[in-house]
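**Student:** For reference, the structure I am asking about is given below.
What follows is calculated from the coordinates using simple rules that are stated; it is not laboratory data. Keep in mind that this is a model prediction, so the values were computed, not measured. Here the Cβ positions follow ideal geometry from the backbone for every residue, glycine too, while neighbour counts run over all protein chains shown.
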Amino acid sequence: MVEPMTHPDPAAVAGPAPAAAIAPAQAAEVRPWRETTWPIALAALALGTAALLALFWSDCRAAVQVWYSSRTFNHCFLIGPISLYLIWERRDWLRSIAPVANFWALPLFPLGGLIWLIGNFANINEVQQLAVLSMFQALLLTILGARIYRGLLFPLLYLYFMVPTGVFLVPRLQDFTAAFIVHGLKVFGIPVLWDGVLITIPNGVFEVAEACAGLRFLIASIAFGFLFAFLMYYSRVRQLIFIVISIVIPIIANGFRAFGIVMLAHLTDNALAVGVDHLVYGWVFFSAITVLLIWVGSMFRDRPIVGRRFFTVATGPAVYDSPLRVALVALLALPLLALPKAYNAYLESRPAPANLAALAAPSVQSPWKAVADELGGWQPNPLGADRSLLQTYGDGRRQVFLSLSFYVSERRGAKIVASEDRFADETHWRRNGSGQGEALFEGARLPVVAERIQSGATKRLVWYWYWVDGHFTASALRAKLLQVKVAILGGDESAAVIAVATDYEDNPEDAAQTLRRFLADMAPISPILHRTSEQ
């Protein structure tokens, strides 16, 4: 028999409801689980999961490696156990029903496979991992049926927090934290010079490094926020409010943390600045903010903390399926899982072009002329480019550095758009800030990505953009979509990253004016790229 519950299913209500006992499932006969479809369903799930892991082992391994190597995603190891515990909480209900094959969910496998192919073509690990997890969700829905899947909706969807994503937020978090510090210093009347992520006060220079951006705690806080909201609230509005709080508070708190580090260094003449950041940002800081979130969230919770309350029994008669149907739907799902891998293997089996021509340096109008390579120790990272070119130009007063990175096709290890910084290695060169620019290029206005980097006293402005499917774009998203379009519909798979850079002393706008003049006087690059791709 199933134990009566005292609270309504949160999936079926939007707000608090009075306690009411719910009778066990309406069935004249509740069969022992061994006499239902559970044994064949669990065997099918084990087989399907093993096939999914075998087919997409590299994606799963890459995710686990990120969990292990990056402290930002160490919490991902806890997501699976939390989900299993929440499912275990509903074990009595699961005993009262049985899996019912869901043939209508089979189209979800090709959809997940298409998403995986898009991620693979665009070389975005997070998209591939999301697709693999989505195919696992489709496997559960197909074999267990809609009723069981709907009843376990939260713990199953919570598994998506196992995908290590969010690194793309680091530059924006760095910029926000730097701005927070600067405004705080101004409030206290402390003289400050602000250059991107570099902050100079009378007794020192501080850098808002990637580790100081606050991503580590933000990602863990969001995962905690969803779990807390599910456990503490019936109301969808209250759940949403707490999730927003779990996003906003860590960002603001990290700003105060970083400001406190700089302020402490200022007040103690740097005597206490060394090592404090790591201490405060560690478990002490994490614990304090988590306690604050729990305290704030408990003020308006609408669930009583009594007994087993997270799941309730759905009313309705028990439905039993044929083991043959469950086995059949599992057998149909297996080849669908393999489709994206098979298609990708076919694409990768195509031979690469031989005798790829070298990139030619574009010509320039007077007063510019090509000069000997004097990059000042700057070596852009081409990230697996098939051909690359570094050329220096000068007009007698200024120098401009041109970097071309050409790719026959996007593939693992050869990324046109990547989260890694191509122009600042964070050893000799570090990123000061980023933004946007615009220039006249090949007779049209061209938006560009602007990145400020620095090595010692040398400051450099880098403008870069992409060439994909014959189009220039500064949008990483558009570049990815163009690559996906070519991969699926056909076309020229070659692509390139073009960058120009020049030094400046104080005002980056001086460097921007130089780059605009240079691009207006430079011959078109498109013919060079087309000639290289046609070899």
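**Student:** For the range 478-535, taking Cα atoms only, what is the radius of gyration to one decimal and the Dmax to the nearest whole Å?
**Tutor:** Spelled out, the Cα radius of gyration and Dmax of the range 478-535 are 16.1, 48 Å.
**Student:** Right, something else. Place the peptides 71-79, 479-487 in order of packing, highest mean first, counting for every residue the other Cβ atoms within 10 Å and averaging per peptide.
**Tutor:** Answer by packing, highest mean first, reads 479-487, 71-79.
**Student:** Which entries in the list 369/459; 186/480; 415/459; 341/415; 186/459 go over 31 Å, if you measure between the two C-alpha atoms of each?
**Tutor:** From the list (369/459; 186/480; 415/459; 341/415; 186/459), the Cα-Cα distance tops 31 Å for 186/480.
**Student:** I want to check the label-to-label distance for residue 252 and residue 106. Put each point 7 Å from Cα in the C-beta direction and report it in nm to one decimal.
**Tutor:** 5.3 nm
**Student:** What's the ranking of 41-51, 213-223 by average number of surrounding C-beta atoms within 10 Å, highest first?
**Tutor:** Sorting 41-51, 213-223 by mean packing, highest first, produces 213-223, 41-51.
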